[in-house]
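The values are calculated or read from the model by the stated rules, or taken from the named source; none is laboratory data. Everything numeric in this text was worked out from a predicted model, so none of it was measured. When we count neighbours, we look across all protein chains shown, and the Cβ atoms used for this are built from the backbone with ideal geometry, even at glycine. The protein model used for the area step is the full one, side chains on, heavy atoms only, and it has no ligands, DNA or RNA in it. Shrake-Rupley method; radii C 1.70, N 1.55, O 1.52, S 1.80 Å.
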Amino acid sequence: MNIVSARFIASVYKAEQAPKPALPEIGFFGRSNVGKSTMINAIVNQKLARSSSTPGKTQCLNYYCVNDKFYLVDAPGYGYAKTSKRLQDSWQKNLEFWLTENKNLKLAVLLVDLKIPVQDSDIQMSEFLNYEKIPVLIVGNKNDKLKRSELTGQINVFKEQFSSFDFLSASGETKDGVSKLLQYMTSALKA
Ligand code: GTP
Ligand code: MG
C-alpha cells in the first residue's frame, strides 16, 4: 500500500463520537511513551501525531484518515504512574467500552518496549483484545536501542510471552520494520 494522503480528523473522548463516515480502523495501543505516535508518523511519513517525551499527555483517541480509505487511531497510553489514579481508571473504562463497541476495528497494533521486560499491563491488554476477538499484532518497538547481540534473545523472549499473536520487531525512530508493518496492515484491511 502506498500512502497517498493522511490527515488528522478528530480527537474523540467517547465511543459514540467516532467520526463519520465509518471506515475500517487500525488502532495503536501500548503503554505511555512506548512510541505509538512516533510509529504513526513513521507510517504516514509525516509529523501528524503529536509525540512527546512527557508520557501520559494524550487522554483521548486521535483519528487520522489515510488515503480516504481507513482510520489510524492513536489511543491513549496506559500504565503511566504519574497520571492520577482516577483519570487512569476512567480512561480504562472509556477505552474498554470503545473496544467492546467498536465494530470497525480491523487490527490492534500493540506496541511493547523491547528494551524492558514484558510488562503485566501489556499481557493484560493483549488478553483483553483477544477476548474481544480483535486481531492483534505485537510490535516490539525501539529495537534501535538494543545491541544486535541482545536483540535476537529479547525478540525470542517476547515471541514466547506473546505466543498466540503475530510479532514484528521495529523502530519508529529508524523506521526498521515499518514497511513490514504496512504490509501487515494492508492484509488486515482486506480480511
Ligand atoms: P503517549 O502518547 O504518552 O502514550 O506516548 P507514545 O506511545 O505516543 O510515545 P511517543 O511516540 O510520544 O514517543 C515517546 C518517546 O519515545 C519520544 O521521546 C520518542 O522520540 C521516543 N521514541 C519513540 N519511538 C522510538 C523508537 O523506535 N526508538 C527510540 N530510540 N525512541 C523512540
Ligand atoms: Mg502519543
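Here is how the numbers come out for the structure above:
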| item | result |
| --- | --- |
| Verdict on S51 being touching a strand residue (DSSP E or B) at 6+ places or on another chain (Cβ under 6 Å), within 11 Å of ligand 2 (Cβ to nearest atom) and on the phi < 0 side of the Ramachandran plot | no |
| Residue in the range 103-115 that is among the basic types (K, R), surrounded by fewer than 18 Cβ atoms within 10 Å (Cβ to Cβ), modelled with pLDDT of 90 or more and over 14 Å from I26 (Cα atoms) present | yes |
| Residues of the range 1-15 classified as at pLDDT 90 or above and open to solvent by less than 30 Å² (accessible area, probe 1.4 Å), total | 2 |
| Residues of the range 15-36 satisfying the condition of being within 15 Å of ligand 2 (Cβ to nearest atom) and in a loop (DSSP other than H, G, I, E, B) | S32, N33, V34, G35 |
| Search result, residues across the range 93-125 that are in a loop (DSSP other than H, G, I, E, B) and of a type in the set (D, E, K, R) | K103, K115 |
| Residues of the range 151-165 that turn out to be surrounded by 13 or more Cβ atoms within 10 Å (Cβ to Cβ) and in contact (Cβ under 8 Å) with a residue 12 or more places away in the chain, as a count | 8 |
| Complete set of residues in the range 167-179 that are surrounded by 14 or more Cβ atoms within 10 Å (Cβ to Cβ) and more than 11 Å from ligand 1 (Cβ to nearest atom) | F167, L168 |
| Any hit, the range 164-180, residues being over 23 Å from L23 (Cβ atoms) and either of a type in the set (V, I, T) or at pLDDT below 95 (or both) | yes |
| Selection count where residues are over 19 Å from S169 (Cα atoms), near ligand 1 (Cβ under 9 Å from one of its atoms) and open to solvent by 10 Å² or more (accessible area, probe 1.4 Å), scope the range 16-55 | 6 |
| Residues of the range 149-187 that turn out to be hydrophobic (A, V, I, L, M, F, W, C) and part of a helix (DSSP H, G or I), as a count | 8 |
| Residue, least open to solvent (accessible area, probe 1.4 Å), within the range 119-150, restricted to residues that are within 13 Å of ligand 1 (Cβ to nearest atom) and of a type in the set (A, V, I, L, M) | V139 |
| Residues of the range 126-146 satisfying the condition of being over 16 Å from G177 (Cα atoms) and in a loop (DSSP other than H, G, I, E, B) | E132, K133, I134, P135 |
